[in-house]
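Below is one structure, written out as structure tokens; the observations come after it.
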Amino acid sequence: MRRNWLLAAVALAMSVSTSGCAVVLLGSASPARSAPQNRYGFEMSEADRYLAESAEFVRSLDPCGFLTEDDLAAMGTVVQLRPDGELSTCSASLNPGRSSATDSVSIDLNGYHPTSDDPDYEHMTIGGEQVYLDDASKGSCRISFPLRDEFDGASSEAMDGLLTESGRSFATIDVDRADADACAAATTLTETALSLLADPPLRIDSKYDLPLATKDPCAVLEHLPATWTVDRWNPSSDPYHCHFMVSSATFEDNLAMLDVTLTYVDSDLRSTDSEPVQQGGYTVETRAADSSCFADIVLGNPVLGMPENDDSAARYARTVPTLSVLTDDCESAVALAVATADVLTG
């Protein structure tokens, strides 16, 4: 039975009990108290259901919708606004008019959740909600704030509790300003974001065409090769990741990790150590290591930001949705990547 570093990488993210995803109630602050439900063949705990609902809720939101025109205009002229890196993220570049420097703002709806005793963060209240402020460096400021209420259901095991604590949906706003108060701007942006949560901006209304952003990567669990058996799966606190253990007649305890992201289209940034494989109508870029293999597939059309506003911003204004799969070997990685691509684009 093979054991490798992949198993250790997500040891804290996988529960020792078999569990599964929930039927989601968008925006619900706490899970329903009905009889246990299951999905993908796995029964769920209340903590699992909370995590699954939170992930689905985040996928329904448009991060760029939280960066309003009024707030950005108060900081300067917007030269770039785009989904950036992660599907949960949106960033803006601004010309403040007071210097040649460029200010930046970003929001991540799958942001860092500070612990209550984290010494780097100051507790403060904005809009009646406790938030966390990090003003560690001059000109930069970060505020983390919750998108949903805390889990208030039963947690049957210690690991469930850890997942639930880390799985509470938090957003992070980061502001960089060369010659102005970054935290004042971050506070205003956070006030606006919190006020919007009662009627939040949704993906279906977004000006950015990102159909993958609402898809559940774990839906592939119902469409794996017939010879594969899923031995364990738990909902993740990350809405665009999926981890599970799978086995077949040709391998045992193969940890699969799925990640749907945005990638810049730039030949200078492309990896030179990948090998293209044609399978299932897709070009799969594979990168093999000693005991693991990445398989990447570009899915969908490029998403444009505002390259017409500033030439220097154009290089990073063009992003493409990309599926990344990591397993123990390239054969299984490619098979899983193709199966997942079919599900996400179908």
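Throughout, read-outs are computed from the coordinates displayed, never taken from laboratory work. It should be emphasised that the depicted structure is a prediction, and the values quoted were computed from it without experimental measurement.
For the pair region 227-245 and region 45-64, the centres of their Cα atoms are 15 angstrom apart. Under 5 Å between amide hydrogens, built in the peptide plane, is the criterion, and for Ala178 it picks out nothing among residues at least 5 positions away or on other chains. Amide H contacts for Leu147 (H built 1.01 Å from N in the peptide plane; partners 5 or more residues away or on another chain; cut-off under 5 Å): Ser169, Phe170, Ala171.
Computed from the Kirkwood radius of its Cα pairs, the Stokes-Einstein diffusion coefficient for region 79-129 at 4 °C and 1.567 mPa s stands at 95 µm²/s. What's the center-to-center distance, using Cα atoms, between region 180-221 and region 80-110 in Å? If we compute the Cα centre of each part, the gap is 13 Å.
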